[in-house]
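Read through the structure below, which is laid out as structure tokens, and then see the notes.
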Amino acid sequence: MRILVTGGSGYVGSHAVRELAAAGHEVLIYDNLVTGHRKLSQGFELVEGDIGDTDKVQKCLKGKDAVIHFAASAYVGESVEKPRKYFRNNVESGLKLLDAVLASDVRSFVFSSTCATYGVPRQLPISEDTPQEPINPYGASKLFFEHALAAYNVSHGLRYAALRYFNAAGAHPDGTIGEYHDPETHLIPLALKAVLGTKPLLKVFGCDFDTPDGTCVRDFIHVSDLGSAHVKAVEYLANGGNSIQANLGTGRGTSIKEVLATVEKVTGKPVPHEFVDARPGDPASLYADPGRAREILGWSARFSLEGIVSTAWDWEQGLPAFLP
Ligand SMILES: NC(=O)c1ccc[n+]([C@@H]2O[C@H](COP(=O)([O-])OP(=O)(O)OC[C@H]3O[C@@H](n4cnc5c(N)ncnc54)[C@H](O)[C@@H]3O)[C@@H](O)[C@H]2O)c1
């Protein structure tokens, strides 16, 4: 298949691009590099552009069979401080991208959604039928886009897969691409940077949650596993599959303390950290029921937590060579 990948120069997108290429698909990356990196797209064709530039997107859509849409603003905390940025980029520009798609022959669309659309779930594990009640503008912007896809499916025959990721983590096992966000807000890279001394003491938010060890529980999913789910989803749609919303997680809840213990095991060093107050609105536990992705897409996660941390550790140690 020939696939347009928006946001393919970012963290998750660059790993998905590798999985798509390995499965024999032809990829064109479309990215404005606002948070992405040219180096993460090395070896692939990249068109530098904004998803809101409908004319430019339309040109890139010629001859394509599908779109995979990663491009977005993706910091929960920032979305609370700057909601206009999130609604502009993820909703307004996202809708312009959809206009370009509807003006083309493409009718298969894979979307990066998120567990943040669920907000604070009333029961665990989180299935796709759990009510979607986001508690921040980031989650709300992603949920809006899911609604737009559902409506365009009915009115324009646009078949889609909305893939709701849990916590993406890890790096490509070959060490050439990985997570490089600035600022970095994710736990595992911050823990590894604290070990290396390239970032200060890790702050752990909250130690008296209603969880077995008092720290938050999350579902960490390897970024290459996310990538392979996109291959399955785009092939499922190409084979005539109906639109689907699917969680992408391991189904395992892992506490922050367990992550820190794994980082210490993998690196052989202590993680300098301190406990600080919990962030308002941070749910105690979030983990997926990944059954639908397994049953309908034939996908499941392969990497263990140790695999996630060790690939991230290899990447983190090589990061100085990657940086400009
Ligand atoms: N990382 C996670 O844990 C996680 C979890 C759930 C969902 N997601 C979603 O996955 C997607 C990728 O996340 P990521 O962590 O790789 O983020 P990222 O910032 O590394 O990647 C986003 C990419 O999109 C590009 N981009 C942003 N706005 C654009 C625009 N208007 N036009 C063109 N390109 C644009 C950026 O330059 C970047 O390359 C996002 O949609 C995010 O919401 C990520």
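The values are calculated or read from the model by the stated rules, or taken from the named source; none is laboratory data. Keep in mind it's a predicted model, so treat the numbers as computed, not measured. Backbone-built Cβ (ideal geometry, glycine too); neighbour counts: all protein chains shown.
Tell me, which strands (runs of 3 or more DSSP E) lie completely within region 200-306 with 1 or more residues that are of a type in the set (Gly, Ala, Ser)?
Per the criteria, 244-248.
In the set SER108, SER112, SER141, SER127, which member is away from the ligand (no atom under 16 Å from the Cβ), crowded, with 21+ Cβ neighbours inside 10 Å and in contact (Cβ under 8 Å) with a residue 60 or more places away in the chain?
Exactly one of SER108, SER112, SER141, SER127 is away from the ligand (no atom under 16 Å from the Cβ), crowded, with 21+ Cβ neighbours inside 10 Å and in contact (Cβ under 8 Å) with a residue 60 or more places away in the chain, namely SER108.
Hey, could you check region 145-174 for residues that are surrounded by 18 or more Cβ atoms within 10 Å (Cβ to Cβ), hydrophobic (A, V, I, L, M, F, W, C) and in contact with a Gly (Cβ under 9 Å, 6 or more places away or on another chain) and say which is nearest to GLU19 (Cα to Cα)?
ALA171
Please specify each residue of region 268-314 satisfying the condition of being under 18 Å from the mean Cα position of the chain (by Cα) and of a type in the set (A, V, I, L, M, F, W, C).
LEU286, ALA288, ALA293, LEU297, TRP299, ALA301, PHE303, LEU305, ILE308, VAL309, ALA312
Find the helices (runs of 4 or more DSSP H) located wholly in region 79-187 whose residues include 1 or more that are of a type in the set (S, T, N, Q) and in contact with a helix residue (DSSP H, G or I) (Cβ under 7 Å, 6 or more places away or on another chain), and list them.
Per the criteria, 137-156.
Taking region 3-41 only, how many residues are over 20 Å from ALA229 (Cβ atoms), more than 10 Å from the ligand (Cβ to nearest atom) and touching a residue at least 60 places away in the same chain (Cβ under 8 Å)?
Total satisfying the criteria: 1.
Only one residue in LYS193, LYS199 is at pLDDT 95 or above and of a type in the set (D, E, K, R). Which one?
LYS193
Could you check, for region 247-263, whether at least one of its residues is surrounded by fewer than 19 Cβ atoms within 10 Å (Cβ to Cβ), at pLDDT 95 or above and within 20 Å of LEU196 (Cβ to Cβ)?
Within region 247-263, one or more residues are surrounded by fewer than 19 Cβ atoms within 10 Å (Cβ to Cβ), at pLDDT 95 or above and within 20 Å of LEU196 (Cβ to Cβ).
Consider LEU98 carefully, then state whether it is near the ligand (Cβ under 10 Å from one of its atoms), in the same structural domain as SER224 (by TED's automatic domain parsing) and within 23 Å of SER9 (Cβ to Cβ).
No.
For region 61-69, state whether one or more residues are out of contact with any Asp or Glu (no Cβ under 7 Å at 6 or more places or on another chain), within 11 Å of the ligand (Cβ to nearest atom) and at pLDDT 95 or above.
For region 61-69, residues out of contact with any Asp or Glu (no Cβ under 7 Å at 6 or more places or on another chain), within 11 Å of the ligand (Cβ to nearest atom) and at pLDDT 95 or above: present.
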